[in-house]
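Visitor: Got a structure for you, written out below as structure tokens; questions coming shortly.
Where a number appears in this text, it was derived from the coordinates with a stated rule and is not lab data. In this text the structure is predicted, and so the values were computed from the model without any measurement. In this analysis, Cβ positions are derived from the backbone assuming ideal geometry, glycine residues included, and neighbour counts consider all displayed protein chains.
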2 protein chains.
Amino acid sequence: MNKSALVYDDLRQKIDRDVYQPGTYLPSENQLCQLYGISRETGRKALAELAEDGYIQKIRGKGSIVIEHRQYEFPVSGIVSYKELAEKMNVTTENVVYGFEEHVSLPVQMFTSLRVEMTAEPVTAVKRLRVIDGEPDIIDKDYILTAIVPKLPKAAAQDSLYAYFENDLGLEIAYATKEITMEPANDEDREQLHLDPGAYVAVVRSVTSLADATPFQFTESRHRADKFRFRDFARRTKK
Amino acid sequence: MNKSALVYDDLRQKIDRDVYQPGTYLPSENQLCQLYGISRETGRKALAELAEDGYIQKIRGKGSIVIEHRQYEFPVSGIVSYKELAEKMNVTTENVVYGFEEHVSLPVQMFTSLRVEMTAEPVTAVKRLRVIDGEPDIIDKDYILTAIVPKLPKAAAQDSLYAYFENDLGLEIAYATKEITMEPANDEDREQLHLDPGAYVAVVRSVTSLADATPFQFTESRHRADKFRFRDFARRTKK
DNA sequence: TAGTGGTCTAGACCACCCA
DNA sequence: GGGTGGTCTAGACCACTAC
């Protein structure tokens with residue numbers, strides 16, 4: 001691991017464990033150099049990531065103050081897999097694969113608003129129902145490019161697509177564009193999520209790309225409106 | 001302006017104007033050094049920001065490839081004021097201030113889920129209706145700490161709170177935590193947004209803080225469900 | 001005045017990609 | 001082997017904060 005990543009992890013851990021509490025200051029940059037035996041720019045890199053992730057706020061002439069930071073909320077913030085999230089929370093979850101089709105066409109029209117170049121390439125289509133604490137809350141529809149993942153094992157869909165992509169195939173997942181809208185529930189939503197007529201669902205559509213900038217996974221995630229929550233941390237960009 | 005910011009702006013502008021098109025590579029880091037007369041780390045800083053903002057993807061051994069990037073969508077992504085957004089889009093907007101109360105208490109219970117330390121401090125409460133293309137789409141309820149903004153002119157609410165905070169008061173807005181949920185429309189929603197009974201609204205609650213880490217503005221933004229859209233760009237964080 | 005973070009530099013070594 | 005990005009260093013100068 002990098003030196004800066006090690007410093008980042010150590011500081012973040014200490015913030016999480018309240019060694020450094022919100023409202024107090026971290027050691028100064030010069031002190032970090034001595035504490036960790038690093039150069040100043042290396043320490044600054046770690047601090048910059050902490051700031052980016054919402055752990056600290058840097059104040060010129062004073063120091064880096066610990067702030068109340070976002071915590072991962074269900075269902076998602078950033079790119080985190082359902083399984084990773086479920087492990088962070090203390091919830092019992094179940095994962096029902098109720099659709100699995102190979103060599104179908106990517107439903108391009110579903111993702112046009114995300115403005116990613118795409119064609120109706122062959123994909124593997126997976127439908128999953130996420131059951132949280134005994135209640136069906138989310139429908140996930142994934143379309144994975146056959147060109148990247150030629151033969152998707154059903155077991156991977158049952159367990160975790162991300163774990164399969166990263167650990168078994170060695171794919172490097174880099175970034176995603178996602179979009180949240182609210183839409184009236186369709187028949188499938190009402191059936192799977194046990195919704196009344198006239199109900200709404202929160203729809204998250206995302207396109208996930210690899211480190212070489214290839215979009216390879218298209219996901220439509222449909223959430224019960226009353227269970228949906230999305231948290232975000234944003235910094236003001238200077239003009 | 002910084003050298004790295006100048007380089008960032010120049011590159012971003014050229015990407016926006018298709019001088020560097022999606023799918024092609026930017027000049028290499030060493031070339032950027034010569035092109036702009038800067039050191040490599042300075043250029044790298046500019047490139048890191050472009051990557052963070054979703055403009056490029058850096059590929060080791062190859063270069064920095066331009067990717068399709070997010071564009072600002074109505075109503076919000078990151079911290080951008082309503083006025084700034086309206087100017088980026090080509091829409092006619094109207095801004096109706098229909099509530100203005102000074103020296104009231106902050107409705108703490110509305111924002112508890114954002115887990116920011118707060119007390120029922122005195123605030124100025126502003127209610128605004130955003131009318132887009134002749135249709136009322138958004139209700140914004142802002143609560144601004146009197147301790148930071150003692151006397152908020154009504155004209156500022158009519159124009160732009162952000163412009164007033166930044167340009168007139170010299171406040172430095174740094175970051176915000178926000179949360180998106182879906183909730184049944186209440187009476188006020190139905191009246192202002194002309195909704196039917198049983199309709200839902202998308203609710204964005206946010207807490208905005210200054211550069212010295214002081215939370216000073218609490219906002220509840222209620223959107224017509226059918227007009228709500230939120231776009232996000234996220235990078236996969238390495239474990 | 002001393003300490004803080006903000007920026008920039010010139011150089012080094014490494015891992016990766018590709019011809 | 002030559003070019004690319006990834007990381008780290010040691011030092012410099014600046015702007016801001018606090019006393």
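Visitor: Cut-off under 16 Å on the C-alpha distance; same-chain residues fewer than 8 positions from B:Lys45 excluded. Which aspartates and glutamates are left, in chain and number order?
Guide: A:Glu41, A:Glu49, A:Glu52, B:Asp9, B:Asp10, B:Glu29, B:Asp53
Visitor: Further, regarding this structure: Per the Cauchy relation, a quarter of the hull surface: what is the mean projected area of the convex hull of the alpha carbons in chain A, in nm²?
Guide: Computed as one quarter of the Cα hull surface, the answer is 15.8 nm².
Visitor: Between B:Pro122, B:Ile173, B:Gln109, whose Cα lies farthest towards the positive end of the dipole of chain B when Lys and Arg beta carbons carry +1 and Asp and Glu beta carbons carry -1, centred on the Cα centre?
Guide: Of the listed residues, the answer is B:Ile173.
Visitor: Okay, next question. Compute the FRET efficiency between B:Asp187 and A:Arg190 as 1/(1 + (r/R0)^6), taking r as their Cβ-Cβ distance and R0 = 25 Å, and round to the nearest 0.05.
Guide: My answer for the efficiency is 0.35.
Visitor: Given Cα pairs under 8 Å that are at least 6 residues apart, what percent is the relative contact order of chain A?
Guide: 16
Visitor: If we sort B:212-224, A:176-188 on the protection proxy, mean other Cβ atoms within 10 Å, highest first, what's the order?
Guide: So the order, starting with the most tightly packed, is B:212-224, A:176-188.
Visitor: Can you pull the mean other chain C-beta count within 10 Å for peptide A:171-181?
Guide: Other-chain Cβ atoms within 10 Å of each residue's Cβ, averaged: 6.
Visitor: Next question. For A:Tyr25, place a label point 7 Å out from Cα along the Cα→Cβ vector, do the same in each other copy, and report the separations in nm, one decimal, smallest first.
Guide: 4.5
Visitor: Hey, another quick one. On a 30 Å Cα-Cα criterion, which of the cross-link pairs A:Lys127/B:Lys58; A:Lys58/B:Lys58; B:Lys3/B:Lys178; A:Lys3/A:Lys141 come out too long?
Guide: Check vs 30 Å cut-off fails for A:Lys127/B:Lys58; B:Lys3/B:Lys178; A:Lys3/A:Lys141.
Visitor: Report the FRET efficiency, 1/(1 + (r/R0)^6), for A:Arg40 and A:Glu102, where r is their Cβ-Cβ distance and R0 is 41 Å, rounded to 0.05.
Guide: Plugging the Cβ-Cβ distance into 1/(1 + (r/R0)^6) gives 0.15.
Visitor: Run the helix sum for the protein assembly as shown: -39,500 (n - 2.57) per DSSP H stretch of 4+ residues, divided by residue count, reported at 222 nm to the nearest 500 deg cm²/dmol.
Guide: -6500 deg cm²/dmol
Visitor: Using a 10 Å cut-off on Cβ to Cβ distances, tally the other chain neighbours for every residue of A:222-233 and report the average as a whole number.
Guide: What the average comes to for A:222-233 is 5.
Visitor: Explain nothing, just the number: dipole magnitude of the protein assembly as shown about its Cα centre with +1 on each Lys and Arg Cβ and -1 on each Asp and Glu Cβ, in debye rounded to the nearest 20.
Guide: Result for the protein assembly as shown is approximately 1780 debye, rounded to the nearest 20.
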